[in-house]
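Asks: Sending over a structure as structure tokens; questions will come in a sec.
Just so it is clear, none of the values below were taken in a lab; they were calculated from the coordinates. Quantities reported herein were computed from a predicted structural model and do not represent experimental measurements. Positions of Cβ are backbone-derived with ideal geometry, glycine not excepted, and every protein chain shown enters the neighbour counts.
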Amino acid sequence: MITKLVIKDYVARKCPYLVSLELEDKTLVDLLKKSIDNQAKYRELIEDEKSEFGSESDGEYGLEINEILKDHLSIRKQIEEYQKKQNRNSVEELISKYDDNQLLSKLSRKYFEIKYGNNHCVRCDVDKSGNDILDQFKIVTNTQKYLLDESIKVIFEGQVEVDDELRARFDVLIKNEDGSLSIIEVKGTNDVFEHPSENKKTNYNLDSKIKDKYLYDLLFQYYVYSKAGLNIRNLGYMFTNRRFELGKMSFPVDDSDLDNLFIIKNNINLASGVVSLKQYFDDHTYVFVGKGKNQKKAKDSIEEVIESIKKIASQKNIKPCKHYLCKKTPSCEFINMCFDDANNDNSIFKLTGWSWVGGSPDVTKELIDNDKIEKLSQISQNPFPKFKKNGNPSNAHLQVEYQKGSIKEKYVINRELIREIIEEDYLNEQIDYLLFFDFESFQYPIPLVANSNPWQQVVSQYSMHIVKKGYDLSKHDYTNGYGGGVKHYEYIGNPDTDKYNNPSIELFKTLKKQLEESGINPYADNYRVVVFNQGFEKSRMNEFVKDFDLICDKDLVRFVNAFNERVVDLLNFFIKGAFYCKEYNGRASLKVVQPSLTNDKDVLEFYRDKLQFDLKESLEYRNNLVYNGSICLDLYKSLLIRSHLNQQNIGISTDELLKQALAYCKIDSWGTVIIYDIIKNVHLKKLKIDAKEN
């Protein structure tokens, strides 16, 4: 059965093997299990890079698990049973309890029920008792019945089938007064549209602004509904208003606020004839771009896409084939099932595409799709320049050279670059304090606290190690967080007492107070705030200054500005090519750099007799119930939801859970202290490592 899921993945991935699997329901169970097994790993990778936009969307090429479960309700039950068997600690159990991935769907239905009346709205995929209907044919017959029922104005989760091979499913169908129908797709994000450049006016009605997989989603639906004889007037998307704030403090959202929560874009109004997409729908054809000899087809027609999928369905024994879209971020969830060597450091899929370390997506695509390269060691000539355009060494170049065997040493360092960075930002004579700092935040499809928006990253805790000039780690007591010129400070909000108060305000008040208590003038220039990947921390502080300028005390906003201005990025050592390790594999995130350095035998030997504690033990996340950033994020929002539902006395106490979150964050900031200390000692030639010097 060809569904819109198959259509979207065909357009996005161009993978016959993936499409052939999706056409076979029995294989989806194994594939979904494979994806679920890897979800924690994917979330951790996202957290490593501290994406400014968070985890709001599945990514342009990501497999949409919830979309599959809509089309395959019987698989949902099997997945739920599978998840129940997974071993989870108490924190993960709490997160699972309050994880509602259908929240926005529920709120969208409530929106229409209020607008049209509850008695005039109906779901096709549940029975009268509210239980899921697993029989796909029953959902189709329910849809047909409700379409003929004049008392029904809005239909949710309906399905239409034609030719026994095409099935389209809609989120919302509205019956218009003139007898025509409007179809609305509900999305948890406005990631449906391409993000226009800042100097262009945003226009969500242009076909060029809708991502291909969503465009073909609508094309497919219109094609199926038209063949079924339905009179479709317009199709569009419903998504959260990123500027929405709670008017009434309630969870999930008070009825009075629902009208402002969503934005509806009727992208294709077939009656008006003014929208550029109309030509797609009138004759099911495609647009030509250019003129004369330069004219070419811009997009395949929906019929061409369907015919291509039918050809795939008729073929037998389709085998996976490596191509660039397998690793297009995020990597295909099935890549490990298709290719045994996908996680091997020498795999072509490991080649970095990040331009900030000298990589290039175009080069990677050329190697995989045109040159059919499967291993980095097979590359005859290094496609990446030894130095980037700014003259800094290229990590991408080094990654290839390591796998080709051209470099035998574990590290490649550039002492001149290390000296420039460390003397400017760390060992500068005017700098008396280094503040190694790390935020943790949470986000949710709807605001959970005041003065926040859907999907906004709200900072709720931090860990900070204040390191004085001339510090001595041999005198430091890590457990208690003081000694040797190093002192640990931290903060975390408390959902049970904060309720709907935004934790960011008290967080920054506490931060300012702690600096003053430690003898630091927050507005002086004798300290630097050391973070790893400054984009995340600086973005959160910029947002606070913007959002709270008229709400908070002016002095607090002034302090946040001053603190932000003093941020320096430890990541610069690794993206500028000053300090590269073979184990980085072209990456440079904290969760890659820190263990690569601290597991080194020379590093461990150097610190073995210098510290009062075990270095590796102090950096071991797995000792905590909260052992990665994704769990830390999910824990805080789960505690907020639990508090909003007045269930805070159920299960493990909030205080105990917050201690676990603090312990995780402490390791993050401590890890940056150790990374810096390693680099400093290499710079001073006190620590000797197996390194080639550029």
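Asks: Stretched out fully, how many nm does the piece from Asp371 to Lys319 gain, at 0.36 nm a residue minus the Cα gap?
Replies: Full-extension gain reported as 16.8 nm.
Asks: Still on this model: So what's the gap between the Cα centers of the stretch 463-516 and the stretch 216-230, to the nearest angstrom?
Replies: With the stretch 463-516 and the stretch 216-230 each reduced to a Cα centre, they are spaced 57 Å.
Asks: On to the next question. Net charge near Ser463, counting Lys/Arg +1 and Asp/Glu -1 over other residues with Cβ under 14 Å of its Cβ?
Replies: -2
Asks: Quote the charge dipole size of the stretch 344-408 about the Cα centre in Debye, to the nearest 20; the model charges only the Cβ of Lys and Arg (+1) and of Asp and Glu (-1).
Replies: 240 debye
Asks: So, counting K/R as plus one and D/E as minus one, what does the shell of residues with Cβ under 15 Å around Asn494 add up to?
Replies: That works out to -2.
Asks: If eta is 0.692 mPa s and T is 37 °C, what Stokes-Einstein diffusion coefficient results for the stretch 363-487, Kirkwood Rh from Cα pairs, in µm²/s?
Replies: Once the numbers are plugged in, D ends up at 166 µm²/s.
Asks: Let me ask you something else. Using the Cα centre of the chain as the reference point, and only Cβ charges (+1 on K/R, -1 on D/E), how large is the resulting charge dipole? Debye, rounded to the nearest 20.
Replies: 1340 debye
Asks: So how tilted is helix 103-116 from the main axis of the chain? Cα-based, degrees 0 to 90, rounded to 10.
Replies: 40 degrees
Asks: By how many degrees, between 0 and 90 and to the nearest 10, does the Cα long axis of helix 212-227 differ from the longest principal axis of the chain?
Replies: Relative to the chain, helix 212-227 is tipped by roughly 10 degrees.
Asks: I need to check one value: relative contact order of the stretch 344-408, counting alpha carbon pairs closer than 8 Å and at least 6 residues apart, in percent. Please list the in-between numbers first.
Replies: Working: 80 pairs, mean separation 22.4, N = 65.
Over the stretch 344-408, the number comes to 34 percent.
Asks: Pull out the extension gain between Glu307 and Lys616, defined as 0.36 nm times the separation in residues minus the alpha carbon to alpha carbon distance; nm, one decimal.
Replies: 105.5 nm
Asks: Further question on the same structure: Relative to the longest principal Cα axis of the chain, at what angle does helix 554-565 sit, 0 to 90 degrees, rounded to 10?
Replies: So the helix axis and the longest Cα principal axis differ by about 80 degrees.
Asks: Still on this structure: Are there chymotrypsin sites (Phe, Trp or Tyr not before Pro) in the stretch 485-541 that DSSP puts in a loop and that have at most 16 other Cβ atoms within 10 Å, and which ones? Walk me through the numbers before you get to the answer.
Replies: On the way: sites: Tyr489, Tyr491, Tyr500, Phe508, Tyr523, Tyr527, Phe532, Phe536; in loops: Tyr500, Tyr523, Phe532.
Passing both the DSSP loop test and the Cβ count: Tyr523.
Asks: Okay, moving on. Output the relative contact order of the chain, whole-number percent, from Cα pairs under 8 angstrom with separation of 6+ residues.
Replies: Relative contact order comes out at 14 percent.
Asks: Still on this structure: Which of the trypsin sites (Lys or Arg not before Pro) across the stretch 641-694 are loop residues per DSSP, with 16 or fewer other Cβ within 10 Å?
Replies: Taking the stretch 641-694 and a limit of 16 other Cβ atoms within 10 Å, the loop trypsin sites (Lys or Arg not before Pro) found are Lys685, Lys686, Lys688.
Asks: Work from the charge dipole of the stretch 344-408 (Cβ charges, +1 for Lys and Arg, -1 for Asp and Glu, about the Cα centre) and give the residue of Leu367, Ala396, Ile407 farthest towards its positive end.
Replies: Ile407
Asks: Let me ask something else about it. Just to be sure I understand: of the beta bridges DSSP finds with both ends in the chain, what percent are antiparallel, rounded to 5?
Replies: The answer is about 70 percent antiparallel.
Asks: Ok, one more. Calculate log10 I(q)/I(0) of the chain for q = 0.10 Å⁻¹, where I(q) comes from the Debye formula with a single equal point scatterer on each Cα and nothing for solvent.
Replies: Evaluating at q = 0.10 Å⁻¹ gives log10 I(q)/I(0) of -1.10.
Asks: What 222 nm value per residue comes from the helices of the chain, counting each DSSP H run with n ≥ 4 as -39,500 (n - 2.57) and dividing by all residues, nearest 500 deg cm²/dmol?
Replies: Helices in the chain give a 222 nm mean residue ellipticity of -12000 deg cm²/dmol.
Asks: Also, quick follow-up: Of all chymotrypsin sites (Phe, Trp or Tyr not before Pro) in the stretch 575-673, which ones are in loop regions per DSSP and have a Cβ with at most 15 other Cβ atoms within 10 Å?
Replies: Filter output for the stretch 575-673: Phe613.
Asks: Among Asn502, Leu473, Ile348, whose Cα lies farthest out toward the positive end of the dipole of the chain, if unit charges sit on the beta carbon of Lys, Arg (+1) and Asp, Glu (-1)?
Replies: Ile348
Asks: Also: Please compute the net charge surrounding Lys685, taking Lys and Arg as +1 and Asp and Glu as -1 over other residues with Cβ under 12 Å from its Cβ. Walk me through the intermediate numbers first.
Replies: Details: positive: Arg415, Arg419, Lys680, Lys686, Lys688; negative: Glu693.
Once positives and negatives cancel, what remains is +4.
Asks: Still on this structure, please answer the following. Cα-based Rg (one decimal) and Dmax (whole number) for the stretch 344-408, in Å?
Replies: Every Cα atom of the stretch 344-408 included, Rg and Dmax give 10.9, 31 Å.
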